[in-house]
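Structure first, then comments.
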Amino acid sequence: MWLIFALLSSIFAALTSILAKVGINGVDSTLATAIRTIVVLVASWAMVLVTGCGHGIHGLSTKSWLFLILSGLATGVSWLCYYKALQIGEVAKVASVDKLSIVFTIIFACIFLHESLTWKSVLGMLLIASGTILMVL
């Protein structure tokens with residue numbers, strides 16, 4: 001089931017880039033990011049209400065709060081940078097470089113989460129990095 005959600009995520013991420021590029025035409029990228037964030041906020045809380053999972057908020061530990069807040073801040077900075085890059089660059093190139101996040105995620109997962117690094121992971125990272133270089137040249 002995770003694969004279906006991951007594929008849907010990649011499809012919607014692709015649509016996000018295309019829709020954003022059209023939407024930010026003549027709009028400050030920071031303002032566009034703020035509008036996008038409001039939409040995500042409303043949609044997320046609507047899902048919490050519809051699914052009834054909001055009761056779990058009372059059981060969150062301080063550690064969970066801290067890391068969810070830090071994750072939110074990282075997301076916000078990522079979106080601000082992404083929208084600025086979209087505004088001044090080509091979508092295909094910006095999206096390609098953005099997908100280097102996969103390489104950084106694997107590296108950070110090894111360092112901070114002590115996940116194993118296999119030869120397949122290394123090869124995959126090298127292929128992604130090489131593909132990114134080819135896309136932006």
Cβ-Cβ under 7 Å pairs, at least 6 apart or on other chains, the stretch 18-42 side free of Cβ contacts under 8 Å to residues at least 40 places away in the same chain and assigned by TED's automatic domain parsing to the domain that holds Gly76, far side among the hydrophobic types (A, V, I, L, M, F, W, C) and surrounded by 15 or more Cβ atoms within 10 Å (Cβ to Cβ): Gly23/Ala32
Kindly check whether there is at least one residue in the stretch 45-66 that is assigned to a helix (DSSP H, G or I), within 25 Å of Asp98 (Cα to Cα) and assigned by TED's automatic domain parsing to the domain that holds Val77. no
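The values are calculated or read from the model by the stated rules, or taken from the named source; none is laboratory data. Bear in mind the structure is a predicted one, so any value in this text is a computation, not a measurement. Please note: Cβ atoms are built from the backbone with ideal geometry, for glycine as well, and neighbour counts cover all protein chains shown.
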